[in-house]
Amino acid sequence: MGKQRDEDDEAYGKPVKYDPSFRGPIKNRSCTDVICCVLFLLFILGYIVVGIVAWLYGDPRQVLYPRNSTGAYCGMGENKDKPYLLYFNIFSCILSTNIISVAENGLQCPTPQTVITSLQQELCPSFLLPSAPALGRCFPWTNVTPPALPGITNDTTIQQGISGLIDSLNAQDISVKIFEDFAQSWYWILVALGVALVLSLLFILLLRLVAGPLVLVLILGVLGVLAYGIYYCWEEYRVLRDKGASISQLGFTTNLSAYQSVQETWLAALIVLVVLEAILLLVLIFLRQRIRIAIALLKEASKAVGQMMSTMFYPLVTFVLLLICIAYWAMTALYLATSGQPQYVLWASNISSPGCEKVPINTSCNPTAQLVNSSCPGLMCVFQGYSSKGLVQRSLFNLQIYGVLGLFWTLNWVLALGQCVLAGAFASFYWAFHKPQDIPTFPLISAFIRTLRYHTGSLAFGALILTLVQIARVILEYIDHKLRGVQNPVARCIMCCFKCCLWCLEKFIKFLNRNAYIMIAIYGKNFCVSAKNAFMLLMRNIVRVVVLDKVTDLLLFFGKLLVVGGVGVLSFFFFSGRIPGLDKDFKSPHLNYYWLPIMTSILGAYVIASGFFSVFGMCVDTLFLCFLEDLERNDGSLDRPYYMSKSLLKILGKKNEAPPDNKKRKK
């Protein structure tokens, strides 16, 4: 046994040695991963330059405002009092094979377009229809009988086309109704979000009292569900066996639902569920001690959160930083996509008319110059789009790629910052020998300043590794989407394997980064050393890691289900008016779409619960690593007492020789 233990130590590193100077997160530390820090700052500087270039050359007005055939914007400048765009022949839009083209030029139709103004210079439509504005454009009413037009004999087709065009552009009345619903229910939505916040906080704080019984109930619930599944599969198998329904009679078919009527399907499901039930029972029998340790750590994490309530609201800081990163990228991408000079070409309403044959249609022209060609009726210089020439336009794709890389890298860095800051705060709690007296003042602020000052480069290093994997996944998804219709089954299988491998790699890197940030917060070493030490420590205690991870996942899943489900049920009964006996002040508002505030409340509750439980999950992981190091560093003697709680000491059958009330460790 001793020889085997030595071999394990060599494979996963040796246990941490006792250091008499160690008192929790190291205060005297130096900057780590300086090269990566410099590269990250230079990249951010370049990202800012890209934003400035996009702002100088971009013109997002073409997306926000409609423009007429001469390129003039509606509702701006000279046309400030003329906000709506009128199509001379709306049926050219409806009957065209390409109704909408909004990539860079906005909505374009093969017909003259103008700001609503007086009839002059023969720039007028041949007919008018009653219309209503939608997205800054005039669209006919769906119940209008259209006039007789050359080549158009089916009125139903035209009316259906108008209706479909308005529906595709999201008619204004729907948006008004949605706005009215939010205006009448926003304060009740805030109440629902407040309920979600209170439920999340209470669930975490009460875990110190109910963690044990709750975990036991959840495990028994899983056992019960599996037992019912075994019973149901057996009944289905028995009935089909008596009928003689076999897979040999069915044969191979692509209709998967047909396999429900054969006995082999239910037999296979029965075997799988029996195996899972047996594995779970064996885990409960042989790993019950480690489950008790996991429950004790959950209770300790609840106490830590209760001692440092400010940590529960740190996700607000992360949310604001993430919002800034996303907003900056979105605005930069929008300005880059709208960069370029406007281009104008000659256009005629009827190219086949006599006198238009010699006119160079679709050639460039000057919209300010007067066109003199009486032989070609309706000849105009119309706006076509934006040029792709110029340094910025030629580099547009590269700049967009730079922006996407900046988005992923900054988002991952912000998330890494939050994990490292929380880890530093919770590590200060664990390594305080006398709690709460020895907990540092403002541990969260101290951890935040310490992380930004010394470990920006290490966070950028870990974020960059994760970013490269995520971008590889995005590229693979893009290739899979483009080639989906032409691939053979073998290629599809290979693509699926690649996607699965990258997904697993991303999950592993997230796990490794998370624990590396904890070690960085405690010891202040660089990313590679911290990742190695964290991985070796976890591998030396792999069974405890698996048990704690699964118990925590089960508990947090139940917590999210409780919060989101509770808020969803309350919102449904309130906004649908199904709670009788409410006073007038508390009566549910009259809504056009009552499901809208319900879905908003559910989504907000999920975001709030995820934020709170992410803090709690980080607390559990930090305390767990500290607990493992505590076991390796100390032995309970007078000089090397354990820092863990009394409940953990009792579960492990250990004790400190030094009474914590009489022999305090010097700081």
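The values are calculated or read from the model by the stated rules, or taken from the named source; none is laboratory data. Computed from a predicted model, the values in this text were never measured in an experiment. Note that each Cβ is placed from the backbone with ideal geometry, even for glycine, and that neighbours are counted across all protein chains shown. Heavy atoms of the whole protein, side chains included, go into the accessibility calculation; ligands, DNA and RNA do not. Shrake-Rupley method; radii C 1.70, N 1.55, O 1.52, S 1.80 Å.
For this structure, a couple of remarks:
- Out of Leu250, Leu256, sole residue that is in the same structural domain as Val217 (by the TED database), modelled with pLDDT under 75 and exposed (fewer than 12 other Cβ atoms within 10 Å of the Cβ): Leu256
- Residue satisfying all of: in the stretch 515-532; part of a helix (DSSP H, G or I) and open to solvent by 60 Å² or more (accessible area, probe 1.4 Å); farthest from Leu417 (Cα to Cα) among these: Lys532
- Asn412 open to solvent by 50 Å² or more (accessible area, probe 1.4 Å), part of a helix (DSSP H, G or I) and at pLDDT 75 or above: no
- Scanning the stretch 208-227 turns up no residue that is assigned to a loop (DSSP other than H, G, I, E, B) and at pLDDT below 85.
- In the stretch 185-204, of all residues being over 13 Å from Ser571 (Cβ atoms) and of a type in the set (Val, Ile, Thr), the one that is most open to solvent (accessible area, probe 1.4 Å) corresponds to Val198.
- Filter result for Arg292 (farther than 19 Å from Val615 by Cβ, outside the structural domain of Gly406 (by the TED database), among the charged types (D, E, K, R) and touching a residue at least 40 places away in the same chain (Cβ under 8 Å)): yes
- Residue match in the stretch 262-283 (condition: assigned by the TED database to the domain that holds Pro213, at pLDDT 85 or above and among the hydroxyl-bearing types (Ser, Thr, Tyr)): no
- If you go through the stretch 25-44 and keep only what is more than 26 Å from the chain's Cα centre (by Cα) and aliphatic (A, V, I, L, M), you end up with Ile26, Val34, Ile35, Val38, Leu39, Leu42.
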